[in-house]
Amino acid sequence: MPSSEITPEPVFLRRRDFMKGTLLSAAGLLSSSAVLASSSQAPLQYRKSKPAAQSGFYTDEALTPYEDVKRYNNFYEFGMDKTDPARYAEAMTTDPWSISIEGEVAKPARYHLEDILSWVDLEERIYRLRCVEAWSMVIPWVGFPLADLIKKVQPTAKANYIQFETLERRSEMRGLRSVTSTIDWPYREGLRMDEAMNPLAFLATGLYGRELPKQNGAPIRLVLPWKYGFKSIKSIVKIRFLEKQPYTTWQSLASDEYGFYANVNPEVDHPRWSQKFERRLPSAFFTPNRIATQKFNGYGEQVAHLYKDMNLKKFY
Ligand SMILES: Nc1nc2c(c(=O)[nH]1)N[C@H]1C(S)=C(S)[C@@H](COP(=O)(O)O)O[C@H]1N2
Ligand SMILES: [Mo]
């Protein structure tokens, strides 16, 4: 059977390896046994209550094989080539890890990742990921809803937006030392608060039932399946609650090409290429696997209401 025909079910079962492997071996990361107890129950119950076909959190489409998910990446902190992150991200220290929560929030602090993980239940979600470069993958993530973290730290009434920042560590990130880099580090992204609270918005700490590979944004990264991949910021060290719309890295690179919203939209072409189709990985010269791109990447039922009064050609 070709790897492209693997169904989600075996992956879901592999979650048990995740429990045995990642969580237990990362005992330093997860200090509380309560975390293990609660997170081991959540996904099974979840799966029972919402079968794949009816849930925006699952898809029956063929998964992109683990090897491709790990090998073909965008993580400019480690270089511009698709294979650079797999080659160089190993240099990044991800333990210990903390996230600084700042701005319009009742409980600003620098939180250890293990504390954050003790507040939440981990679950598996299978999402499409559509890069603005017109390729896509289907990835089984492990993580928890962004909304769970937001509720815990209690944003104030003035918190209309949320901004995220990636680690900026020159000694471990060769892309930051590159003289040809035009990016104003750290990599930053942002969302409107109602987008951030949407149940689809997810913080991933694993994939394929295993620890998140560093090239995929270990130890914690955002996953926003209805938006172009660049919104799904990796290796997050700072979350800031703001009154005004925040600065984002891609807008600053080319604001006419990459907007703040960046919702997947086949009707709005990139100035340099069409967004009507995408190459679903794995793809090869003789099997390009070209498929039509769906509005909101197929998640319109869950998110279209967020943008109902907006001109999506203007707010791209
Ligand atoms: N910090 C950071 N986050 C990032 C990027 C990056 O270069 N740096 N690239 C983005 C882009 S363009 C895409 S398509 C996805 C790719 O995620 P993946 O490599 O896990 O598939 O990560 C996004 N998050
Ligand atoms: Mo991307």
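The values are calculated or read from the model by the stated rules, or taken from the named source; none is laboratory data. Keep in mind that this is a model prediction, so the values were computed, not measured. Glycine gets a Cβ as well: all are built from the backbone with ideal geometry, and neighbour counts include every protein chain shown.
As a summary of the residue check, D115 satisfies the conditions (1) closer than 25 Å to G259 by Cβ; (2) free of Cβ contacts under 8 Å to residues at least 12 places away in the same chain except for the one numbered (1). Only one entry of P186, P140 meets the criterion of being within 13 Å of ligand 1 (Cβ to nearest atom), within 30 Å of A292 (Cα to Cα) and in contact with a helix residue (DSSP H, G or I) (Cβ under 9 Å, 6 or more places away or on another chain), and that entry is P140. Applying the set (1) over 21 Å from F230 (Cα atoms); (2) assigned to a loop (DSSP other than H, G, I, E, B) to Y111 leaves exactly one unmet item: (2).
Q275 satisfies every condition listed in (1) crowded, with 21+ Cβ neighbours inside 10 Å; (2) within 14 Å of ligand 2 (Cβ to nearest atom); (3) among the polar types (S, T, N, Q); (4) closer than 25 Å to T182 by Cβ except (1). Screening M80 against (1) touching a Lys or Arg at 6+ places or on another chain (Cβ under 8 Å); (2) part of a loop (DSSP other than H, G, I, E, B) leaves a single unmet condition, (1).
Is one or more of the residues making up the range 197-220 free of Cβ contacts under 8 Å to residues at least 60 places away in the same chain, of a type outside the set (K, R) and surrounded by fewer than 23 Cβ atoms within 10 Å (Cβ to Cβ)? Yes, the range 197-220 contains a residue that is free of Cβ contacts under 8 Å to residues at least 60 places away in the same chain, of a type outside the set (K, R) and surrounded by fewer than 23 Cβ atoms within 10 Å (Cβ to Cβ).
With respect to D84, determine if the residue is within 16 Å of ligand 1 (Cβ to nearest atom), at pLDDT 95 or above and either surrounded by fewer than 19 Cβ atoms within 10 Å (Cβ to Cβ) or not basic (K, R) (or both). Here the answer is yes, as D84 does meet what is asked.
Counting only residues that are among the polar types (S, T, N, Q), touching a helix residue (DSSP H, G or I) at 6+ places or on another chain (Cβ under 9 Å) and more than 21 Å from Y307 (Cα to Cα), the range 215-270 holds 4 of them.
Does E124 meet the test of being part of a strand (DSSP E or B), among the charged types (D, E, K, R) and either farther than 22 Å from Y72 by Cα or more than 16 Å from ligand 2 (Cβ to nearest atom) (or both)? Yes. Looking across the range 231-253, the residues that are within 13 Å of ligand 1 (Cβ to nearest atom) and surrounded by fewer than 21 Cβ atoms within 10 Å (Cβ to Cβ) come down to V237, K238, T249, W250, L253. Search the range 222-242 for residues that are without any contact (Cβ under 8 Å) to a residue 40 or more places away in the chain and pair each with any residue that is within 10 Å of ligand 1 (Cβ to nearest atom) and not in a strand (DSSP E or B) when their beta-carbon atoms are under 6 Å apart and the residues are at least 6 apart or on different chains. Filtered contacts from the range 222-242: L224/K231; L224/S232.
Taking the range 180-234 as the range and being away from ligand 2 (no atom under 16 Å from the Cβ) and either of a type in the set (V, I, T) or closer than 15 Å to R128 by Cβ (or both) as the test, the residues that pass are T180, T182, L200, A201, F202, T205, L207, I220.
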